[in-house]
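The values are calculated or read from the model by the stated rules, or taken from the named source; none is laboratory data. In this text the structure is predicted, and so the values were computed from the model without any measurement. Virtual Cβ from ideal backbone geometry, glycine too; neighbours counted across all protein chains shown. When the accessible area is computed, the model is the full protein with side chains, heavy atoms only, and any ligands, DNA or RNA have been set aside. Shrake-Rupley method; radii C 1.70, N 1.55, O 1.52, S 1.80 Å.
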Amino acid sequence: MESGHWGTALMNHLGLRTTAFAGLLLAAAASHAAISGGTASPVHLKYAGRASPAAPALRSSAALVLDATHSSVLYSRHSDVAVPIASITKLMTALVVMEAAQPLDEQLEITAEDGRQRSHVVSRLATGTTLSRGDLLHLALMSSENRAAHALGRNYPGGLVACVDAMNAKARELGMTNARFVEPTGLSDQNVASPEDLSKLVMAAAKVPRIREYSTDSRYEVRVGRRMMRYGNTDSLVSRPDWKIDVQKTGYISRAGRCLVMQTVIEDRTVVIVLLNSFGKHTRVADARRVLKWMQATLLAHATPAPAIT
């Protein structure tokens, strides 16, 4: 991570090893009762002993919120269940492509194969378009460009199969025990992971300056032939002044619903937010805002001394 202010020991403590993460979750569950329906466990490990605002009413089917600065699980809902993750996959694609250390200025051509993996691939890159590997990586992370992501995987050393193998090997290395990848775009619903898995992926991706930069860029232009094409970020939060986002990725396919993962800074604390299978176009953004407001209120309640009794 560009701001690598945690270190290996802290990341292990956060749960990059399965046993450590499970222990943290069990400790949280023992200390706090589940909210309605028994599906979510709000956790305030660092704020225990003082009344805190009620847990946010998130509408995402699965979620995880980590206070990485204090090694605390703040909120957990179905966090150990693997589900389709859509274009969150592209974070892993970007991670293995960057680790392969291929030239970012090398020109790559979009071919018919890059649109063949699904009958209705959403992409503005026509067959025959030539862009640099860096441009394709930028568009894949920022605008979730599917043909760009597929071209990156196809041009990985050893080809597409080697890229997918590297993605699964990286998942094992990171301790993503429930994760599985079959292709580099996220268009397949066989790309699955749990919120716990994705928190580890987000923290690993946040160590790479290019991934941080590209995923949080609000706009980008590329020259295709004689014309310039302008792209925007699929995550509207990157342009909001009340957010300090280190790395982020959105995703959507019908089986996965709307997804959003990020590492951000809230009140000087590094926070990882994973929101999966949000119903409605704007729900994942609304859930992220609920987390922000809840954390700010919780921290304020913790910092404010109790009134004196007279």
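With a 1.4 Å probe and all protein chains left in place, how much of the accessible area of the range 177-310 comes from carbon and sulfur atoms, in whole percent? Before the final figure, lay out each step's value.
Details: 2960 of 6110 Å².
C and S fraction of accessible area: 48 percent.
Across the range 109-203, Cα pairs under 8 Å and at least six residues apart give a relative contact order of 20 percent. Taking all protein chains together, D268, D189 sort by accessible area into D268, D189, largest first [probe 1.4 Å].
Here the range 149-184 is scanned for amide nitrogen atoms under 20 Å from the site 7 Å beyond the Cα of E113 along Cα-to-Cβ, giving 149-168, 181-184. Counted residue by residue at 0.36 nm each, then reduced by the alpha carbon distance between them, the extension gain from V182 to H70 reaches 36.9 nm.
Ligands, DNA and RNA are left out, and with a 1.4 angstrom probe the accessible area of the range 158-246 is 45 Å² per residue.
Efficiency by 1/(1 + (r/R0)^6): what FRET value for T130 and Q296, r their Cβ-Cβ distance, R0 = 41 Å, to the nearest 0.05? Numbers along the way, then the final one.
Details: r = 46 Å, r/R0 = 1.13.
Efficiency at R0 = 41 Å is approximately 0.35.
Kindly state, to the nearest 0.05, the FRET efficiency for D165 paired with R230, given R0 = 30 Å and r defined as their beta-carbon distance. Efficiency at R0 = 30 Å is approximately 0.30.
Leaving ligands, DNA and RNA out of it, report the carbon-plus-sulfur percent of the accessible area of the range 80-146 at a 1.4 Å probe. Don't skip to the end; give the middle numbers.
Values: 1290 of 2590 Å².
Carbon plus sulfur share of accessible area: 50 percent.
Please list, by residue number, every one of the trypsin sites (Lys or Arg not before Pro) in the range 248-300 that is coil in DSSP and has at most 16 other beta-carbon atoms within 10 Å. For trypsin sites (Lys or Arg not before Pro) across the range 248-300 that sit outside H, G, I, E and B with at most 16 neighbouring Cβ atoms in 10 Å, the list reads R255, K281.
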